[in-house]
Amino acid sequence: MGQFMVMTDASIVNLALPSIQEGLGMSDVSLGYVVTAYSTVLGGFLLLSGRLADTFGRRRLLRCGFLLFALASLASGLAQNGPMLIASRGFQGLGSSLIAPAALSILTGTFPEGPERNRALGVWGSLAGIASIVGVVAGGVLADGPGWEWIFWINLPIGVGAAALAPLIVPESRAGERRRPFDTVGAVTLTAGLLLLIFTLGEATRVGWDTLRTIGSLAGVAVLLAAFVATELRARSPLMPPRIFRLRTMRVANVSALLVFGTLGAMFYFASIFMQQVYGYAPMRAGFAYVPLAVCVAVGAGLASALISRVAARTVLLAGLVATVAGLLLLWRAPAGGHYATDLLPGFLAVGLGCGAVFVTLQIAAFAGIGKEDAGVGAGLINTSQEAGGALGLAVVGTIAYSGFASELAGTGGDPDLVRAVQESANHDAFLATACLGLAALVIAATLMPRAGRREPAAERG
């Protein structure tokens, strides 16, 4: 339930943005912050939330997240202006940041490492893919039907119900370190650094990478993260225990997740634009076009969780990455006058199968060797890699796709055919760039992921 809520809300707003803009009279710039506020706060607090879950109780943090998310959803639907909605979306992101690592650490703590955990993570990965598409479709349906407010209000009974049911079905668990000093300085520097990083990545495409604002923000990120590292090296009870970074599979899984989710985030964004601008799809039709992809994510995740007990995780991961890159290259080749069934669907199917397998394999690799006392921070780390990857991928691919876009668009003189040609070119550049990100993940996994038979020992305390 927690995973489904977080993933659904990350995508449900996208197709409702025009309705929100019209209803609240928001500018294009402020409308962008409706999305950015959620993703920035979510990504910035994930690691801190993971450690809080380990320290104070994972079920307790999960329930707090559900209630905060539900209340923020109520406030979002009641918003009378842009600033109120943006603030409410930030609190939704905070609620999600409590839910995601707590839920994942409960899952990995409930099922021991091996086939049982693999099957559970297969279900987890399937839900992630399905929830993302449900969010896209539901956003369009609710915005066109009862109104954009309902994309938020629908979360209220779900969040309250989940918080009420959690004590009945979820056992409490923690790392047993409650009396140890909490790393407050590390928490502040890391959270501030991640908040600034994800916000800067989201803004860089709009304001430019070479502006004083972007350069200054990135310098601030470097200072904050350097202060965090220095703090962790001296802390008695560090927020991020150095022992987990000794695990090679964990390091490779997180770097790969950064690139894979950057690939996927950019693909969804530019495929939506491509279908609407070049193929002329209405928003709701564009949302339904992703349904086969969601089904394939579920299938790919299920296959991966079954295969990984018989075949090396590295093999399953590489196969999934190959399928993902192949699908992106098929989308890159899609012509302007093409058809969904022959030119878009094959790419979506390949990307869905590949990403489903990759999601599960990366989750399994990220937790291999991590002890129960670090399950929350491990969950926070892999989730942070995913969120930061999405922001980074969209920023990098957007910069590549739109470099020179404004001048080329101005040179069309408003001619519809020329405008469409410029838009098509930008989107094709974006698909090629996303394929390159996927290829980078493939190269890293192929060269750095340990082969079968080289299992790492669990991270030792200290």
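Within the range 324-333, the set of residues being hydrophobic (A, V, I, L, M, F, W, C), surrounded by fewer than 24 Cβ atoms within 10 Å (Cβ to Cβ) and over 20 Å from the mean Cα position of the chain (by Cα) comprises 326, 329, 330, 332. One residue alone among 186, 125 is over 30 Å from residue 20 (Cα atoms), at pLDDT below 75 and not in a loop (DSSP other than H, G, I, E, B), and that residue is 125. Of all residues in the range 89-114, how many are surrounded by fewer than 24 Cβ atoms within 10 Å (Cβ to Cβ), within 17 Å of residue 360 (Cα to Cα) and within 16 Å of the chain's Cα centre (by Cα)? Within the range 89-114, residues that are surrounded by fewer than 24 Cβ atoms within 10 Å (Cβ to Cβ), within 17 Å of residue 360 (Cα to Cα) and within 16 Å of the chain's Cα centre (by Cα) number 0. Residues that are closer than 18 Å to residue 4 by Cβ, of a type in the set (Ser, Thr, Tyr) and touching a helix residue (DSSP H, G or I) at 6+ places or on another chain (Cβ under 6 Å) within the range 25-48 comprise just one, 38.
Yes/no matrix, rows are residues, columns are (1) hydroxyl-bearing (Ser, Thr, Tyr); (2) modelled with pLDDT of 85 or more:
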site	(1), (2)
395	no, no
399	yes, no
405	no, no
422	no, no
431	no, yes
434	yes, yes
437	no, yes
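Based on what the data block shows, is residue 101 assigned to a helix (DSSP H, G or I), touching a residue at least 12 places away in the same chain (Cβ under 8 Å) and farther than 21 Å from residue 128 by Cα? Against the criterion (assigned to a helix (DSSP H, G or I), touching a residue at least 12 places away in the same chain (Cβ under 8 Å) and farther than 21 Å from residue 128 by Cα), residue 101 does not qualify. Which one of the conditions (1) at pLDDT 90 or above; (2) crowded, with 20+ Cβ neighbours inside 10 Å; (3) not charged (D, E, K, R) does residue 74 fail to meet, given that it meets all the rest? Here residue 74 meets the rest and fails (2). For the structure I just gave you, tell me whether residue 76 is in contact with a helix residue (DSSP H, G or I) (Cβ under 6 Å, 6 or more places away or on another chain) and farther than 30 Å from residue 284 by Cβ. No. Residue count for the range 307-327 under the criterion of being closer than 16 Å to residue 266 by Cβ and at pLDDT below 95: the result is 0.
Considering the range 439-462, and only residues there that are exposed (fewer than 14 other Cβ atoms within 10 Å of the Cβ) and modelled with pLDDT of 70 or more, the residue that is nearest to residue 393 (Cα to Cα) turns out to be 443. Of everything in the range 138-181 that is closer than 16 Å to residue 58 by Cα and crowded, with 16+ Cβ neighbours inside 10 Å, the residue that is modelled with the lowest pLDDT is 175.
The residues of the range 335-388 that are surrounded by fewer than 24 Cβ atoms within 10 Å (Cβ to Cβ), in contact (Cβ under 8 Å) with a residue 60 or more places away in the chain and among the small types (Gly, Ala, Ser), listed by number, are 336, 368, 369, 371, 388. Residues in the range 22-57 that are surrounded by fewer than 23 Cβ atoms within 10 Å (Cβ to Cβ) and touching a Gly at 6+ places or on another chain (Cβ under 7 Å): 5 in all. Return yes when residue 309 is closer than 25 Å to residue 114 by Cα, of a type outside the set (Phe, Trp, Tyr) and part of a loop (DSSP other than H, G, I, E, B) and no when it is not. Yes: the conditions hold for residue 309.
The values are calculated or read from the model by the stated rules, or taken from the named source; none is laboratory data. These figures come from a predicted structure and were not determined experimentally. Note that each Cβ is placed from the backbone with ideal geometry, even for glycine, and that neighbours are counted across all protein chains shown.
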